[in-house]
Amino acid sequence: MLDPARGYDLIGDVHGCAHSLARLLEQLGYQRHAGVWRHPQRMALFLGDLIDRGPRIRETLHLVHDMVAAGQALCIMGNHEYNALGWCTPALEGSGKQFVREHTPRHERLLEQTLLQFEGHPADWQDFLGWFYQLPLFLDAGRFRMVHACWDAGLIAALRAEHADGRIDEAFVKASGVPGSFANRVFERLLRGTDMRLPQGLTLTSEEGFTRAFFRTKFWEDNPQTYGDVVFQPDALPDEVARTPLSPDDRNRLLQYGLDQPMLFVGHYWRRGLPAPIRPNLACLDYSAVMAGKLVAYRLDQETQIDPHKFVWVEVEPPEAPR
């Protein structure tokens, strides 16, 4: 699937920022020939979340799709592509739902820009929904791995037994609408990551106005002691919660991606500041592009540990990001 003679440029969540993506590709040495961005020695690898939020979602999808079709890129699925499939896929009979992803105001708000920008292009949208099924949920290249949010070795091994190449089908999406099912656990863990319930019935309200009783957690910490040791999201925990010790049950539920594992690249987590490794074998490439952040790539060659000097990015400016 991957040519060991090529270098790879891993690219974080684009979210409809097509002009910024073109600028990043140009900065990485890609040129557009016959309508496709190409590089003579390198290939682009996208971490998912191409859609939603930004002003050029349709343009982004065409750009990446055409690169993949021409053998110039690969792309894995993000939670926003899965959300789109769930929104459009009828639920299993007897589930009590009409669609896998219920048509609530919150869910509609997340998909709003995508649906709006495809409003006059229904056939195009159906084609892209079909293409989303071609996006694997993970990529394992031996010395490096990609997954949108979290590498769960047990779930990935079980998924491979059913879908060896990591590509799922409509039946799998339908099954994911059942809470606690295998398909549901796969999507929740690989595409959304790990989380933990806040203690004492507390809730948090994000910058976007969503209220949650859970917070996103690290899946690699070796010996965490407090809630603050495992939080991994833009919204900080209140100080008194961050200082609260983890219970033995809390600690047992955490995953551990060890330092002896291959390099792992994820998106999803809306980071800020200067792009840098989280650990020698772990990097997040989502730096909040569509929220006036950075669209980030990592230039991977033959190294086996992540080099802090090989991150490349462009600042995302209006109108692709609000200020």
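A short reminder: the numbers here are calculations on the coordinates, not readings from a lab. The structure presented is a predicted model; accordingly, all values stated were derived computationally and were not measured. Note that each Cβ is placed from the backbone with ideal geometry, even for glycine, and that neighbours are counted across all protein chains shown.
For the reader, a short list of remarks on this structure follows.
- For Asp235, nonlocal amide neighbours, meaning residues 5 or more places apart or on other chains whose placed amide H falls under 5 Å from its own, do not occur.
- Nearby lysines by direct alpha-carbon distance to Lys218 (threshold 25 angstrom, same-chain neighbours under 8 apart not counted): Lys294, Lys310
- Under 5 Å from the amide H of Thr194 lie the amide H atoms of Thr217, each residue being 5 or more positions distant or on a separate chain, with H modelled from the backbone and absent for Pro and chain starts.
- Sequence ranges 145-154, 158-167, 210-219, 283-292, ranked by mean other-Cβ count within 10 angstrom, highest first: 283-292, 145-154, 210-219, 158-167
- Fraction of alpha-carbon pairs over 20 Å apart in segment 195-254 - percent: 18 percent
- Hits among lysines - C-alpha to C-alpha of Lys97 under 27 Å, sequence gap 8 or more where chains match: Lys174
- Given the alternatives (i) 19.2, 59; (ii) 19.9, 62; (iii) 21.0, 62, Rg and Dmax of the Cα atoms in Å as computed for this entry is given by (i).
- Sorting the segments 227-239, 36-48 by their residues' average number of neighbouring beta-carbon atoms within 10 angstrom, most packed first, yields 36-48, 227-239.
- Span from the segment 294-323 Cα centroid across to the segment 233-275 one, whole angstrom: 21 Å
- Förster radius 41 Å - calculated FRET efficiency between Asp222 and Glu119 (Cβ-Cβ, nearest 0.05): 0.25
- Gln261/Glu162 FRET efficiency (R0 30 Å; Cβ-Cβ; nearest 0.05): 0.85
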